[in-house]
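Heads up, the thing below is written out as structure tokens.
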């Protein structure tokens, strides 16, 4: 396998990892928004605790 192909495969793996991270960030943001709308008086610590509890 040539050196260029290995570099390209490494780049593809890196980009796929970035896309997974972006997808996870969007999912968390959506959960935060939903919690804020459902419980507008909760502060940051309470919301963080609820998110942590949901993640186990």
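Taking only DSSP H segments of four or more residues, each worth -39500 (n - 2.57), what value at 222 nm results for the chain once the sum is divided by all its residues, to the nearest 500 deg cm²/dmol?
Details: 2 runs with 48 residues, N = 56.
The per-residue figure over the chain is -30000 deg cm²/dmol.
Here Cα extents along the principal axes in Å was calculated from the structure, and among [x] 58, 20, 13; [y] 72, 34, 10; [z] 85, 9, 5 it sits at label [x]. For the pair residue 12 and residue 24, label points projected 7 Å from Cα toward Cβ lie 2.2 nm apart.
Between residue 31 and residue 51, what length comes free when the chain is fully extended (0.36 nm per residue of separation minus the Cα-Cα distance, one decimal in nm)? Could you put the intermediate results ahead of the total?
Working: separation 20, 0.36 × 20 = 7.20 nm, distance 0.81 nm.
Answer, rounded to one decimal: 6.4 nm.
Round to the nearest 10 and give me the degree value, 0 to 90, for the angle of helix 44-55's Cα axis relative to the longest principal axis of the chain. Result, in degrees: 60. Going by alpha carbons, how many degrees (0 to 90, nearest 10) lie between the helix axis of 3-38 and the longest principal axis of the chain? Value to nearest ten degrees: 10.
Every read-out reported here was derived from the displayed coordinates using simple, explicitly stated rules and does not represent laboratory data. For clarity, every value in this text was computed on a predicted model and none was experimentally measured. All Cβ positions, even for glycine, are placed from backbone atoms using ideal geometry, and neighbour counts span all protein chains on display.
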